[in-house]
Amino acid sequence: MYLQSIQLENYRRFKFAQTEFPDGVVGIIGNNGAGKSTLMEAIAWALYGNEAARTGKEEIKRLTAKPQEVSRVILDFELQGENYQVVRELRGNSMQADASVLINGKVMARGVTPVNDFIEKTLDMDYRAFITSFYAPQKELNVLSDLPPYKRKEVLARMLGIERIDTALKSLRTDAREIELKAEVGETHLKDINELNSKKEQWQSEVKNFQQRTSEEEKNLLTEEKSLKQIENELKRKKEESETFNKYQGELSVKGALLTEFKSQMTRATKEIETLEGLTSELEKLEMEVKDYPRTKEEFLVYEGLKLKSEQRKNVQLQIDSLVKTINLDIKRLEVLEPELAGLEGKNKVIEGLKQTSLEIEERLEKTRSEFIVIQSAYKVAQDEQTKVQSQLENIEKLGPDSVCDRCLRPFGADYPKIREHLNSELQKIKKKVDSFLLQRNEIEKRGKDFKQEKSSLQEKLECLQKEFEKLLKDKGEQETLKKGLQDKENNLLFLQENLKNLGESSYDPDYHLRLKSNLDRLEKLKERHAALNQEKGKLPQLKQNLAQLEQNLGTITDEIKTLKGKLELISFSENELKSLEKGVEERRSKVHQLELNLKDLYYQRELLSLELEKTKKEIKENQKLREELKSLGEEKLYLEKLDEVLVSFKTALISRIRPALSAYAKELFIELTDGRYEDLELNDEYEIFIYDQGEKFSIDRFSGGEKDLANLCLRLAISLLISESSGVEFSFIILDEIFGSQDDSRKENILKGLAKLKNRFRQIFLITHIDDIKDSVENLITVLENEDGTSQLILQ
């Protein structure tokens, strides 16, 4: 795998930057904080997402970027002859993450999780293994040789992934302890099996005893139920006799009542016939009275029409009077509104002019806000930069020229004055920039306040005019409504006057109308009485016929009563005997009910005993299951103990194999970088470096700084090669971050010459440094340059 190019958009300090990655030794230079390490971080972030970022995702997006702008990194690389492109983005205010992978222009994965899984599977390593393989951070080259032995082993184990075995062992031992605790808890729940079996036999005996008692009670209940059935049959027969007797008694009572009713009806019919026969004289008198009813009714209806016409004239006159009054009021209101509405159009033009002026002021104010945000952001960035450089200068002055750099752990030495002078120069430039930004910000702020004051004054005047204009508009609407309504009212007035004329004059006499109504009411009552008497007189033939039928029914009922009395005499029924039988049945039923209750109680007690028996059986079964589980837990514990021994042995064997492999890689590289000056390089059990010079073995501390640096570099490169080889993916690049520290020029040159010899192993070697004087010693140079607005750009040379 080797890198081809990268493009950054709104990524940390980079607004937009892109560069290609050439082959050979490539220097990446720039001031501290310019974004050199950010460039390398972007490579890892494109591949592995937020796990590779040194901060949360909310700090990845450029500080002054707009909410709708996208934070994006596009990385192109080649792997096994295929061209890969990884695109990773953060969108919107919510920083929604998205990603995609293309191979030779074809989309292979889309979405954050699918892309992460695809990259890990393709490279066969997670982020941690990847970063350890291709990236050597600041201070790492010398730290392995400077650390105590136990700490050096921990660091190497972490870099090579051996600590995963320790994590597995820890997890395994935790599981073993949980199994042991589970077994201890299980032991406390075990019960004596003999005691449980004895308890089971006891419950079985009691259940059998209750079954025998239940059987005896069931037999007694059956005998009593049979006896009850017999006496109930006898009671049923007696009740049937009672029902027949009561039936005849009821029929006799009904027939007697009918006989009495028929006699009463005959009496009433006779009296009614006599009354109707005496109505003839009254009917003749009424016929003379009701002859005037049709004429009176006709005259009354004529007066009803005259009354209606009189009321209509009165209502129309009232409407005319009200309408005339309303029309006069509307005319007066129109005369008032006319002069008030004369200035409506002129006021509208003034308001429109003020609105346009307000919009122009708002545009100038918005432009001023934008300028303030930009200058405030630049001012803040410059302040942060000033604080950072000031802090660096104070730390260097405090430490003095004989101290070591806190970044690379190298002495300042002869570079101290140059570094101090460079920082003082940078600080003065930044101070001028801060003062310039502050002056611009204050000017913009004053201009914005003036615009706000002018806008506020104009807004007050506009609101006052707007209220006056709205009142005039309301009056205008009222004028139009009045004019339209006035026309309708005048038309309605003409209509009502024409209607009143058409109704004409009325000759209605209310008193005579009232006398007519009183006479008509009297005649209607006489007419109703006459009709009723005629109707009653028509009933006389039917009444005589009904009387004859009643006389016939009376004879029939008398014969039926005589027959019923004969039937009652034939039935031998005794009420006392029936009551005695009912009492006997109740007593027998009570006894049966008591037996049923006793039997239910026996059933219940037997059920309780059965439940206890089942509960004991369940306890025996659970106890046996618990014993089997405890046995299984014991076997699992033995298995975990055996697995613990295997993992410990595997770790020991793995470490014993890794050290020779690292020694072999480091030796080969060291001999190559020193042109065969030394015969061998090896690591002891503590991973300390020893060099063979003219057949003798020496500790690395014996040699000069240059050889020591090369030896440490070879060990770090050997680690990368070993991890890359185990992944099965060939990595043709490595990134070395600030590896020079405060070394003198000869040692820097020695390291650079050594790296130049590794082209056959690494197609691309990236050197990140803030030291400018290496630019003549590398084949290609990527400069990270800070812009005045606080952003950074990339320049490939």
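Quick rundown of the values:
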item: Rg to Rh quotient for the range 588-644, alpha carbon positions, Kirkwood Rh; result: 1.59
item: Coarse-grained scattering of the range 174-224 at q = 0.16 Å⁻¹, given as base-10 log I(q)/I(0) from a Debye sum over alpha-carbon atoms; result: -0.67
item: Too-long pairs where the Cα-Cα distance tops 29 Å, listed order kept, from K332/K355; K263/K537; K36/K380; K388/K452; K66/K775; result: K332/K355; K388/K452; K66/K775
item: Length added when fully stretched, F300-E397, from 0.36 nm per residue minus Cα-Cα; result: 21.8 nm
item: E524/K314 FRET efficiency (R0 35 Å; Cβ-Cβ; nearest 0.05); result: 0.75
item: Anisotropy class of the range 533-602 from Cα gyration tensor, a/c 1.5 cut; result: oblate
item: Euclidean distance of C-alpha centroids, the range 305-329 and the range 242-260, integer Å; result: 79 Å
item: R173 - accessible surface, heavy atoms, 1.4 Å probe, Å² rounded to 10; result: 120 Å²
item: Portion, in percent, of the accessible area of the chain that falls on carbon or sulfur, probe 1.4 Å; result: 50 percent
item: A168 versus R213: modelled label distance in nm, points set 7 Å from Cα along the beta carbon direction; result: 6.8 nm
item: Rg and Dmax of the range 51-139, Cα atoms only, in Å; result: 14.5, 41
item: For the range 274-355: Kirkwood Rh in Å [reciprocal of mean 1/r, alpha carbons]; result: 20.6 Å
item: Positive-end extreme of charge dipole, the range 288-360 - chosen from L334, L359, L301 (charges on Cβ); result: L301
item: Amide H partners (placed H, <5 Å) of N83, local residues excluded; result: N104
item: FRET E, pair Q797, D450, Förster distance 41 Å, beta-carbon r, rounded to 0.05; result: 0.25
item: Protection proxy ranking, peptides 678-687, 207-216, average beta carbon neighbours within 10 Å, highest first; result: 678-687, 207-216
item: Shape call, the range 189-331: gyration tensor on alpha carbons, a/c limit 1.5; result: oblate
item: Length released on extending from K759 to L638, taking residue separation times 0.36 nm less the Cα-Cα span; result: 38.2 nm
item: Rh (Kirkwood; distinct C-alpha pairs) - the range 612-729, Å; result: 18.5 Å
item: Helix-only mean residue ellipticity at 222 nm for the chain, each DSSP H run of n ≥ 4 adding -39500 (n - 2.57), per residue, nearest 500; result: -25500 deg cm²/dmol
item: Angle between the chain longest axis and helix 344-399 axis [Cα atoms, degrees, rounded to 10]; result: 40 degrees
item: Under 20 Å from the L190 label point (7 Å along Cα→beta-carbon), backbone N, the range 637-669; result: 637-639
item: Simple spin-label estimate for S457 and Q202 in nanometres, 7 Å along Cα-Cβ; result: 10.6 nm
item: The range 1-114: C-alpha gyration tensor shape, a/c 1.5 cut-off, then a/b vs b/c; result: oblate
item: K307 accessible area, assembled protein chains, probe 1.4 Å, Å²; result: 80 Å²
item: At q = 0.09, 0.18 Å⁻¹, base-10 log of I(q)/I(0) for the range 449-607 (Debye sum, equal scatterers on each alpha carbon); result: -0.86, -1.24
item: Estimated FRET transfer efficiency when R0 is 30 angstrom, pair E679-V648 (beta carbons, to 0.05); result: 0.25
item: Accessible area expressed per residue, the chain, with surrounding protein chains retained (probe 1.4 Å, Å²); result: 60 Å²
item: Stokes-Einstein D for the chain, Kirkwood Rh over Cα pairs, 10 °C, 1.306 mPa s (µm²/s); result: 37 µm²/s
item: Degrees separating the helix 163-189 axis from the principal Cα axis of the chain, which is the longest one; result: 40 degrees
item: Mean-position separation - Cα centroids, the range 423-501 and the range 335-387, in angstrom; result: 11 Å
item: Potential lengthening between E289 and N220 on full extension [0.36 nm per residue; Cα-Cα distance subtracted]; result: 15.2 nm
item: Residues of the range 595-610 with amide N under 19 Å of the 7 Å Cα→Cβ point at K229; result: 595-596
item: Nearest 10 degrees, 0 to 90: helix 745-756 Cα axis against the chain principal axis; result: 70 degrees
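The values are calculated or read from the model by the stated rules, or taken from the named source; none is laboratory data. Bear in mind that the values here come from a model prediction, so they are computed numbers and not experimental data. Here Cβ is always computed from backbone atoms with ideal geometry, including for glycine, and neighbour counts include all displayed protein chains. For the accessible areas, the whole protein counts, side chains as well, though only heavy atoms, and no ligand, DNA or RNA atoms are used. Shrake-Rupley method; radii C 1.70, N 1.55, O 1.52, S 1.80 Å.
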